[in-house]
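Only the coordinates and a few stated rules stand behind these numbers; no lab work does. Values in this document were obtained by computation on a predicted structure and should not be read as measured data. Virtual Cβ from ideal backbone geometry, glycine too; neighbours counted across all protein chains shown.
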Amino acid sequence: LILWGFAFVVWMAAIAVFSWDTLATLPRLRLAIVLEAVGGLAGLALFAAFAARFRRWHEPERPWLKRLWLFVKGMYDTLTLRVALPAEAFSLAGWLCEIIIAFAIAGGLGLHISFVQAAMVMAAVTTAMIIPSPGGVGPFEAAGTYVFTLYGAPKAEAALLAIAYHLIFIAVPLV
């Protein structure tokens with residue numbers, strides 16, 4: 001979970017850097033991506049600092065505190081380079097595949113967008129998934145439709161693109 005979050009923060013930072021000019025017309029989205037990247041890095045830094053200190057404590061006797069201690073100890077152990085580097089590589093590869101899916105869906109249905117724009121679609125739908133809903137249905141499509149319309153698709157076509165993207169997003173892991 002920590003490594004997945006770190007990979008997402010890395011992607012958000014990369015999107016903010018490489019698409020800064022593209023995002024000039026979308027100042028709120030640019031601000032959201034920057035805040036997400038900065039907040040994620042700050043959260044990871046706080047977790048690492050807390051975990052390092054918490055890990056030095058002796059194993060507590062109370063059951064609920066012992067479970068928390070074991071959880072934090074286990075999460076802290078994943079921050080070693082031997083574990084973190086391969087996990088980050090696989091995580092970033094997964095995000096890259098998701099961007100390729102958005103790029104291919106858009107191109108396949110006639111909307112020609114750049115790879116950075118496909119990354120923006122991925123960032124928007126991933127961010128929208130924090131809104132609780134079964135399977136992400138609703139927020140995913142709303143965010144996808146909104147971003148696809150920003151890139152020139154009519155609303156009906158943008159909704160079709162978002163639905164197709166979500167279906168493939170769900171179907172690929174099932175295969």
Quick one: if you stick a label point 7 Å off each Cα along the C-beta vector at ILE130 and PHE71, how many nm between them?
1.9 nm
Among 161-167, 104-110, what's the highest-first ranking by average C-beta atoms within 10 angstrom per residue?
161-167, 104-110
Work out from phi, with θ = phi - 60° and the Karplus expression 6.51 cos²θ - 1.76 cosθ + 1.60, the ³J(HN,Hα) of each residue of the range 87-95, listed in order in whole Hz, and give x for Gly and Pro.
5, 5, 4, 5, 5, 5, 5, x, 5
Net charge contributed by nearby residues that have their C-beta within less than 10 Å of VAL125 (K/R +1, D/E -1):
-2
At 0.36 nm per residue, and after removing the present C-alpha to C-alpha distance, how many nm does the segment from LEU96 to LEU167 gain when stretched out fully?
23.8 nm
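With all distinct Cα pairs included, what does the Kirkwood hydrodynamic radius of the range 101-175 come out to in Å, to one decimal, could you say?
12.0 Å
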May I ask you to order 86-94, 120-128, 148-156 by the average number of other C-beta atoms within 10 Å around their residues, highest value first?
120-128, 148-156, 86-94
